[in-house]
Amino acid sequence: MGFIAPKNMLGNPLMGGFPPPTNNLLLSEPPTATLLSSLLSQPPATHRWFFVRRRFSQLLENLKITEDQADDGETKHKGVVASLNQAYWGYRDETANRLLIGSWGKTTRVRPPRDVDVLFILPNALYWRYEQRTGNRQSQLLQDIRNALRASNPATDIRGDRQVVVVPFNTYRIEVAPAFVCRDGGYVICDAANEGSYKRVEPMAEIAALDAADQQFNGNVRKLTRLLKQWQRYCNVPIKSFHLEAAVKGLLPTVTYGASDEFWFDWLVRDALAHLIKCANGSFAMPVTGEIIRIGDQWLSRAQSAYDRAVKACSYEYNNEEYLAGAEWQKNFRNHDPNDRGLIAARLIAECRREEENCLYTSTAFFIWLRWLKGFRAALWAGAAVGSGLAASHILTGDPAFRVTMAFAALTGVLLPAIGRALHLDAAIHDYAVAAARFKNLQGEFRRAAEVWSLKPLADFEVEARRLFKAMAEARKPSLTPPDIPIFWLAPPQNSEGTLQLRRG
């Protein structure tokens, strides 16, 4: 069972209904004679996805390892290879009998790199020598390599780990997979699990397949793989890197923009995550060997969360909301966004919008409760007026038949206003009226801060945001709390998450 491809662009329900990206920037200057007429006859084109190309170009640049990191990795793994060549081939050479595999061999490494995977080719005579042994011969071979490396690195905690020998330097972890060359040019490596066995691998065929796909899709296989590896690392996703690579190779042929440049990368990242989700518990075949690799689903919940964030970021990119889009991408890729101050602004905008919603909810609740209080006060005064009127009519007519009724009416006329005074209705109405108006005004100010002040320099935006946050804290000091029941009877309906659907006013 291979990876299942998502539907095409027009039929993919995961696309969220966004129109396809188009670049409306003028590519060439129109003739002078038609320039003025074109400006007068039609409005300027609306630019969408204005920040996508710059954002992902810079992100990919930031993911490249530095020259110092590349040199350090070269130095570390060449020292290990030289020690092994000395031990098993009788001469000291830093590059002979080794193949770089994994992210270093495929050049899909991201900054900062974690390890260097090396396939070290041993003499075939050693294979036949170990075949004469009993027990777990593969584990014994790993231990022999471990001992050879410890002779030149005595202070390093070198250990065998199923298929590799791990050399954990301070900056890099070198993982050596001992291998023997097959007659047909392939390789077998050790697998010390269970009773031990050998496994056929074709690293050069894997690199060739990646090269072919990468050339077909304008280098996007490696670019998207690096992005997904950064997500894997930052979000601690339990999935292997070559699973992500296979998912990318499965996605790109299914979309019309698979070979497009970084202008489309918001969609490509989103679609790669959607494709990965569809492949949960699926499998794919390795080049040449045909080995079936199962992908599992331990990573599925993290992929779904990352996809949801990508969909939200795509909607922000469509509307050119640079800071908000950056904040969403940050949740998947950490702080590799090129504009860290933009991230601060995005979080300020998000906080202003949350406070705007809080003000909307609070002012609405206060206005509803204020209506109840005013109605209750009106009912008390109306009851007192009716009672006083009835009592006065008895005094004027002197009819003894309604003496008890008139006495009760007189008592009502006295008690109802007293109840209102005892409950401090007038003070409560005043306090709720002031608070409702204050929160309603703050709602508008937070909206203007998010939509207008956020376009000004960050320093000015921060000053305005701090002022509003301080005003919000002052508004909350009275701690007015209307009862819940009447509020929810009169409030608009709730949505599926249980929060009020209040109309912005």
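The values are calculated or read from the model by the stated rules, or taken from the named source; none is laboratory data. If you're wondering where the values come from, they're calculated on a predicted model, not measured in any experiment. Note that each Cβ is placed from the backbone with ideal geometry, even for glycine, and that neighbours are counted across all protein chains shown. Ligands, DNA and RNA are stripped out before the accessible areas are found, and what is left, the full protein with its side chains, is counted by its heavy atoms. Shrake-Rupley method; radii C 1.70, N 1.55, O 1.52, S 1.80 Å.
I101: open to solvent by less than 50 Å² (accessible area, probe 1.4 Å) and either at pLDDT 95 or above or farther than 25 Å from E195 by Cβ (or both), yes or no?
Here the answer is yes, as I101 does meet what is asked.
Taking region 443-459 as the region of interest, how many residues are open to solvent by 70 Å² or more (accessible area, probe 1.4 Å) and either in a helix (DSSP H, G or I) or closer than 19 Å to R354 by Cβ (or both)?
Matching residues across region 443-459 total 5.
Looking at (1) surrounded by 19 or more Cβ atoms within 10 Å (Cβ to Cβ); (2) more than 25 Å from the chain's Cα centre (by Cα); (3) among the hydroxyl-bearing types (S, T, Y), which is the one condition that is false for Y198?
(1)
Identify, please: which residue in region 166-186 is over 36 Å from the mean Cα position of the chain (by Cα) and buried (at least 21 other Cβ atoms within 10 Å of the Cβ) and is, among those, nearest to L142 (Cα to Cα)?
Checked region 166-186; the qualifying residue nearest to L142 (Cα to Cα) is P178.
Against the condition among the aromatic types (F, W, Y) and modelled with pLDDT of 95 or more, how does F169 come out, does it pass?
no
Among residues belonging to region 405-433 that are within 50 Å of the chain's Cα centre (by Cα) and surrounded by fewer than 14 Cβ atoms within 10 Å (Cβ to Cβ), point out the one that is modelled with the lowest pLDDT.
Looking at the filtered set, the residue picked out is A427.
Can you pull out every residue in region 172-209 that is assigned to a strand (DSSP E or B) and small (G, A, S)?
Initial filter on region 172-209 (assigned to a strand (DSSP E or B)): 173-181, 187-191, 197-201.
Hits for region 172-209 are A177, A179, S197.
Exactly one condition in (1) among the polar types (S, T, N, Q); (2) modelled with pLDDT of 95 or more; (3) within 24 Å of Q58 (Cα to Cα) is not met by Q304; state its number.
Of everything listed in (1) among the polar types (S, T, N, Q); (2) modelled with pLDDT of 95 or more; (3) within 24 Å of Q58 (Cα to Cα), Q304 misses just condition (3).
Would you tally the residues in region 70-84 being of a type in the set (D, E), open to solvent by less than 50 Å² (accessible area, probe 1.4 Å) and within 16 Å of T108 (Cα to Cα)?
0
Take E67 and tell me if it is surrounded by fewer than 16 Cβ atoms within 10 Å (Cβ to Cβ), free of Cβ contacts under 8 Å to residues at least 40 places away in the same chain and closer than 18 Å to W264 by Cα. Steps first, please.
Working: surrounded by fewer than 16 Cβ atoms within 10 Å (Cβ to Cβ): yes; free of Cβ contacts under 8 Å to residues at least 40 places away in the same chain: yes; closer than 18 Å to W264 by Cα: no.
Criteria not met by E67.
From the residues in region 319-330 that are in a helix (DSSP H, G or I) and of a type in the set (D, E), which one is modelled with the lowest pLDDT?
Of everything passing the filter in region 319-330, E322 is modelled with the lowest pLDDT.
Might you let me know whether region 207-218 holds any residue that is touching a Phe, Trp or Tyr at 6+ places or on another chain (Cβ under 6 Å), within 26 Å of L122 (Cβ to Cβ) and at pLDDT below 95?
No - not one qualifying residue is present in region 207-218.
Could you figure out which of (1) under 30 Å from I295 (Cβ atoms); (2) open to solvent by less than 90 Å² (accessible area, probe 1.4 Å); (3) modelled with pLDDT under 50 isn't true of T22?
In the conditions (1) under 30 Å from I295 (Cβ atoms); (2) open to solvent by less than 90 Å² (accessible area, probe 1.4 Å); (3) modelled with pLDDT under 50, T22 misses (1) alone.
Might you let me know whether region 155-165 holds any residue that is within 36 Å of the chain's Cα centre (by Cα) and of a type in the set (S, T, N, Q)?
yes
Where residues in region 280-312 are of a type in the set (G, A, S) and under 25 Å from the mean Cα position of the chain (by Cα), which of them is nearest to A325 (Cα to Cα)?
By that ranking, first place goes to A310.
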